[in-house]
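Encoded as structure tokens, the structure appears first; notes follow it.
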Amino acid sequence: LSLKTLPSTAAAFILAACPIFGVHNKNNCKFAYYKEFRHPGDDTEEPPVTVDCRIPHLWRNGYCPETNRGVEMDWMSYFWSWHTRDDYGADEEASMAQIYDVLDKATDSGGSTITWSNIRQAAQDKWGTDTPEYDNFFLWANAHGVRD
């Protein structure tokens with residue numbers, strides 16, 4: 001969960017675990033990670049490691065900042081917020097279909113690489129930039145540290 005990867009790898013990992021997004025209990029999102037986890041300060045925890053999906057972890061920004069890279073934990077909490085929260089004024093949370101649509105449109109022609117700029121452009125094409133849906137998408141990305 002703390003490994004830095006290309007955004008497409010991080011997003012694919014989390015979307016493969018998408019059953020966590022099927023339940024809209026907005027007050028409880030726990031994900032049991034199957035690998036050893038390194039906490040800040042080099043303390044490690046043996047699996048399963050329970051991670052709260054609801055809170056911004058900002059792991060990439062705090063521990064491994066690099067342009068065009070992502071961390072699964074940040075993407076997981078971002079997708080959870082984008083899909084289950086409407087704090088930023090959208091009429092409703094983004095559906096899984098809307099999230100998949102944006103990610104599909106952001107995929108390169110070879111179908112394997114997604115960059116933040118492509119994701120942002122796909123969301124702009126879908127909703128425009130001055131809409132509650134785009135605000136929900138973009139401001140949660142900022143809050144969870146997944147955008148450049």
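The values are calculated or read from the model by the stated rules, or taken from the named source; none is laboratory data. These numbers were taken from a predicted model, which means no experiment stands behind them. Here the Cβ is made from the backbone with ideal geometry for all residues, glycine too, and neighbour counts use every protein chain on show. Protein only, heavy atoms only, side chains kept; ligands, DNA and RNA dropped before computing areas. Shrake-Rupley method; radii C 1.70, N 1.55, O 1.52, S 1.80 Å.
The table below lists the values:
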read-out: Failed item in (1) surrounded by fewer than 18 Cβ atoms within 10 Å (Cβ to Cβ); (2) of a type in the set (Lys, Arg); (3) at pLDDT 80 or above, with residue 60 passing the rest; value: (1)
read-out: Extreme residue, nearest to residue 79 (Cα to Cα), among residues of the stretch 36-61 that are free of Cβ contacts under 8 Å to residues at least 24 places away in the same chain and not charged (D, E, K, R); value: 55
read-out: Residue in the stretch 110-122 that is exposed (fewer than 15 other Cβ atoms within 10 Å of the Cβ), within 15 Å of the chain's Cα centre (by Cα), over 29 Å from residue 34 (Cβ atoms) and at pLDDT 85 or above present; value: yes
read-out: Residue within the stretch 8-16 that is modelled with pLDDT of 85 or more, open to solvent by less than 70 Å² (accessible area, probe 1.4 Å), part of a helix (DSSP H, G or I) and of a type in the set (S, T, N, Q) present; value: no
read-out: Residue in the stretch 81-100 that is at pLDDT 85 or above and in contact with a Lys or Arg (Cβ under 7 Å, 6 or more places away or on another chain) present; value: no
